[in-house]
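Below is one structure; the comments refer to it alone.
Only the coordinates and a few stated rules stand behind these numbers; no lab work does. Given the structure is predicted, the values throughout are model-derived calculations rather than measurements. Neighbour counts are summed over all protein chains in view; Cβ atoms, including those assigned to glycine, are modelled from backbone coordinates with ideal geometry.
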Amino acid sequence: MTRHVPFALLLVMVASGFTACSFSETNIVEPPRNRIVIVDVDDKEWDVTSAVYDYDMAVDGFHHGLGKDAIPPLLAPSLISVDDEGFPKPEESFPVVGTGVGDDVRAYGIRDIRRFEVVDEVIGDAPVAVAY
C-alpha cells in the first residue's frame, strides 16, 4: 500500500514540528525490461537480460559458442609417474590441473589437455570431469 501525502500538508507538518510521521512502504519503480535472448548454433536460446541490464554488457559482445559437444573430452589420458621417463625435472616449469579422490590423486599437464578442455575418467571409484 502506498501512502500519498499532499505536498501542502507535508509542509504544514514539517513547519509545525510534527515528527511522528512514518511510511511503512517505499515504492521503487524500475523501468520495464525487454527480455533479451541470444541463440546459439544449436538453436538453443540463452536469456541474457540480466547481463545486459544489470552489468551493462553489450548484446553484440556475446559469442554464441561452438555448440554442444564441439570440443571432445580427453578420455582415459595416459599418465606417468615420478619415476617414468619424460616426467618433468624439479627445475622445469610444468603447469598442471590437479584433483583427487581419497588417496588417488592426478595432475594433468596443461600443455597436454589444452586441446580438450575437459578430461573424463574415473578416479578412485568416482567418475570425474576435470575442466580446464
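Points worth noting:
- By average C-beta atoms within 10 angstrom, highest first, the peptides 106-114, 93-101: 106-114, 93-101
- Net +/- balance of residues flanking ASP54 in space, Cβ distance below 12 Å, scoring K and R +1, D and E -1: -1
- Under a 5 Å amide H cut-off, with hydrogens placed 1.01 Å from N, ILE123 pairs with VAL128 among residues at least 5 apart or on other chains.
- Binning all Cα-Cα separations of segment 41-132 at 10 Å, short to long from zero, yields these whole-percent fractions: 13, 32, 25, 20, 10, 1.
- Cβ-derived FRET efficiency at R0 30 Å, VAL41 paired with ASP84, nearest 0.05: 0.15
- The GLU30 and PHE94 beta-carbon pair, evaluated with R₀ = 41 Å, returns a calculated FRET efficiency of approximately 0.20.
- Karplus-based coupling profile of segment 32-43, in residue order and whole Hz: x, 9, 7, 5, 10, 10, 10, 10, 8, 5, 9, 6, with θ = phi - 60° in 6.51 cos²θ - 1.76 cosθ + 1.60 and x standing for Gly or Pro.
- Simple spin-label estimate for ARG114 and ALA129 gives 2.3 nm between the two label positions (7 Å along the Cα-to-Cβ direction from each Cα).
- Segment 100-116 - phi-based ³J(HN,Hα) in whole Hz, Karplus 6.51/-1.76/1.60, Gly and Pro as x: x, 10, x, 8, 8, 10, 9, 10, 10, x, 4, 5, 8, 9, 5, 7, 9
- Here's how it looks for VAL118: its modeled amide H is under 5 Å from those of LEU74, TYR132, which are all 5 or more places away or on a different chain.
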